[in-house]
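Okay, so here's the structure we're looking at.
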Amino acid sequence: MQLSLRNKETWFHLIAVLTVCIWGSTFIATKTLINQGLTPVEIFTYRFSLAYLCLLAFCHQKLMANTWRDEGLFLLAGLTGGSLYFISENSALEITMASNVSLIVCTTPVLTVLLSSFFFKEKLRKGFIAGSLVALSGVTLVVFNGSVFLKLNPLGDCLTLLAALSWAFYSLILRQMGNKYSTLFITRKVFFYGLITMILYLPFAPSSFHLERLCYPLVYGNLLFLGIVASMLCYLSWNACVRIIGASRASNYLYINPLVAVWASHLFLSEPITPTALLGAGLIIGGVYIVEKF
């Protein structure tokens, strides 16, 4: 029984890694859509609408949560893991460098564990601080990729930090709901309330939707990837991982995010990879190992 549980957890660790690898490539897809003239609100709306409609086709028997309290938590999950997170991150990508975004987003695992310690009185494991420092050092090297100067944009960087904090809260909310509802139901509710809470953002950043751009292969191809693969499938897999291995342990794999982003940029945008980035990759892997094992 214990061996079977360990094998199950091993599989979900691998699924978490695969999920983060896919999310690491979404920086390129999102940046491509922004360059095609789509706004952060447009990208989020198309992405979550597509994911929600696909999930609704498979999960439509149960519409409401068991209690109004749980329904409220789902609303918070849709806000923190949906509209607030993506609009903050996508808006940051408009005004600051993608490297800054990928670096600051990697504070999410640290924020998740600190929030868990504060709200649930969890003790920090001895390897967490050391492993986090090693992984963050690696992230810094990967993001800089041999560059000496980092172009700071206070507004963009603050928006990215808000996105990281938002995702940390989302992970903790999943922890509360994981034993009450199915992964499919939780994910569908997150997409629904993500779209609903997005309406709160519209008065501050009104956006016109240019439907004619959806006819461009580069646009609808990236939207299909973001909506079906990176949203519907990856949210299902991530929510299942949080249920099985826990929010803090799953969040550790987010350190891999910029590593994948750099490799994807090299493959699809012909951006160079330096020895500094390779050293950073080794530190990231080593840091995640330390956090997980000690």
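Here are the numbers:
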quantity: Only one of THR112, THR107 that is without any contact (Cβ under 8 Å) to a residue 60 or more places away in the chain and either buried (at least 16 other Cβ atoms within 10 Å of the Cβ) or under 26 Å from PRO203 (Cβ atoms) (or both); calculated: THR107
quantity: Residue match in region 37-54 (condition: at positive phi and in contact (Cβ under 8 Å) with a residue 40 or more places away in the chain); calculated: yes
quantity: Options SER88, SER102, SER49: the member that is touching a Phe, Trp or Tyr at 6+ places or on another chain (Cβ under 7 Å) and assigned to a helix (DSSP H, G or I); calculated: SER102
quantity: Lone qualifier among CYS215, CYS234 - being modelled with pLDDT of 80 or more and closer than 25 Å to ILE104 by Cα; calculated: CYS234
quantity: Selection within region 21-44 - among the polar types (S, T, N, Q) and surrounded by 22 or more Cβ atoms within 10 Å (Cβ to Cβ); calculated: THR26, THR30
quantity: Among the candidates GLU71, GLU94, residue that is modelled with pLDDT under 90, of a type in the set (Asp, Glu), more than 17 Å from the chain's Cα centre (by Cα) and surrounded by fewer than 17 Cβ atoms within 10 Å (Cβ to Cβ); calculated: GLU94
quantity: Residue match in region 55-66 (condition: part of a helix (DSSP H, G or I) and charged (D, E, K, R)); calculated: no
quantity: Verdict on LYS31 being over 21 Å from the mean Cα position of the chain (by Cα), assigned to a helix (DSSP H, G or I) and in contact (Cβ under 8 Å) with a residue 12 or more places away in the chain; calculated: no
quantity: So GLY282, is it within 18 Å of THR107 (Cβ to Cβ), among the small types (Gly, Ala, Ser) and at pLDDT 75 or above; calculated: no
quantity: Spans of helices (runs of 4 or more DSSP H) in region 177-294 with at least 3 residues at negative phi, surrounded by fewer than 21 Cβ atoms within 10 Å (Cβ to Cβ) and not basic (Lys, Arg); calculated: 183-198, 217-224, 234-245, 257-269, 275-293
quantity: Test result for LEU18, surrounded by fewer than 22 Cβ atoms within 10 Å (Cβ to Cβ) and under 12 Å from MET232 (Cβ atoms); calculated: no
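The values are calculated or read from the model by the stated rules, or taken from the named source; none is laboratory data. It should be emphasised that the depicted structure is a prediction, and the values quoted were computed from it without experimental measurement. We place every Cβ from the backbone using ideal geometry, glycine too, and count neighbours over all the protein chains shown.
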